[in-house]
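The values are calculated or read from the model by the stated rules, or taken from the named source; none is laboratory data. Computed from a predicted structure; not experimentally measured. Note that we place each Cβ from the backbone using ideal geometry, even for glycine, and neighbour counts take in every protein chain shown.
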Amino acid sequence: MKRAIAAAAILLVLIAELYSARLTVAQQRQDDAMKLISRVLAHLEDVWHSIFIEMGQRYEEPKLVLFTSVTNTACGTGLSQTGPFYCTVDRRVYLDTDFFRVLTESYGVPGTIATVYVIAHEVGHHVQNILGTERQVAQLESRLRALGDQTGANQLSVRMELQADCFAGIFLNRVDRVGRLNAIDIVAALNASAQVGDDVALQRAGQAVRPESFRHGSAEQRARWVRRGLEMGEISACDAFDVDNP
Ligand SMILES: [Zn+2]
């Protein structure tokens, strides 16, 4: 009996140690992710401040909110299932801390550059907000939806997303100028943008791929617009609303 109690006690200690080791690994991962996110944000702020100065305008930084599972935002309830998002009303970028792990584990995208791309894309929406593009497009989009033109409204939404991708590309261009990117990083960033394409997401979910229902753009479009920003490095390159076939 005594031996059984001793064995049970040892087992309990082992389980407790294993559990705390797991917690430590999870905590470490979280800490690393936070450090990476704040480094990326700091670079993004530098880059967009200097681009706005070049345009003779002032850049206002977005606020970043990290959350797990659910959060309140000025745009309604934010859920981790939705993935990272930008709320135009409170001008905040919402990041679910678990998203980057999911991106790496399920999508097979290397963590670092995927994180950079995702944050840069969301900040791209913030830039659209400051420039007034977001307001104009949102008005037009809701008018089209009210008229029952869902396809037209979806196409506007796609152009909006592709421009944000192109803005993310501009950021990569500026990082590349100071020699912080190598060819592998660039391929990985383009791959990360393709992995969040609507066609890839729908195929992964086992659903029918109908281009007219796309709200973000196909894998090919998303990677192409990131590349466009990356190669040209200027806001004028991101004219997703002016081209016939974005
Ligand atoms: Zn977006």
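Tabulated values for the structure
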item: Some residue of the stretch 105-128 being surrounded by fewer than 17 Cβ atoms within 10 Å (Cβ to Cβ), of a type in the set (Gly, Ala, Ser) and at pLDDT 95 or above; result: no
item: Where Cys87 falls short, out of the listed (1) within 15 Å of the ligand (Cβ to nearest atom); (2) closer than 15 Å to Val118 by Cβ; (3) of a type outside the set (Val, Ile, Thr); result: (2)
item: Output for the stretch 198-246, where each listed residue is of a type in the set (Phe, Trp, Tyr) and more than 16 Å from the chain's Cα centre (by Cα); result: Phe214, Phe241
item: Members of the stretch 221-246 found to be free of Cβ contacts under 8 Å to residues at least 24 places away in the same chain and of a type in the set (Gly, Ala, Ser), listed by number; result: Ser236
item: Matching entry among Leu36, Leu23, Leu44 (being of a type outside the set (Gly, Ala, Ser) and either outside any helix (DSSP H, G or I) or modelled with pLDDT under 70 (or both)); result: Leu23
item: 1 or more residues within 28 Å of Ser50 (Cβ to Cβ), β-branched (Val, Ile, Thr) and more than 16 Å from the ligand (Cβ to nearest atom): qualifying helices (runs of 4 or more DSSP H) within the stretch 129-232; result: 150-177, 183-195
item: Close pairs from the stretch 141-166: first more than 23 Å from Leu230 (Cβ to Cβ), partner of a type in the set (S, T, N, Q) and part of a helix (DSSP H, G or I), Cβ under 7 Å, at least 6 apart; result: Glu141/Ser157; Asn154/Ser213
item: Hey, Asn245 among the polar types (S, T, N, Q) and part of a loop (DSSP other than H, G, I, E, B) or not; result: yes
item: Scan of the stretch 163-202 for residues that are closer than 14 Å to Val123 by Cβ and out of contact with any Leu (no Cβ under 8 Å at 6 or more places or on another chain), ordered by number; result: Gln163, Ala164, Asp165, Cys166, Phe167, Ala168, Arg174
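Table: residues versus (1) acidic (Asp, Glu); (2) crowded, with 20+ Cβ neighbours inside 10 Å; (3) within 22 Å of Thr82 (Cβ to Cβ).
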| site | (1), (2), (3) |
| --- | --- |
| Leu147 | no, no, no |
| Ala168 | no, yes, yes |
| Val178 | no, no, no |
| Val187 | no, no, no |
| Ala205 | no, no, yes |
| Ile235 | no, no, no |
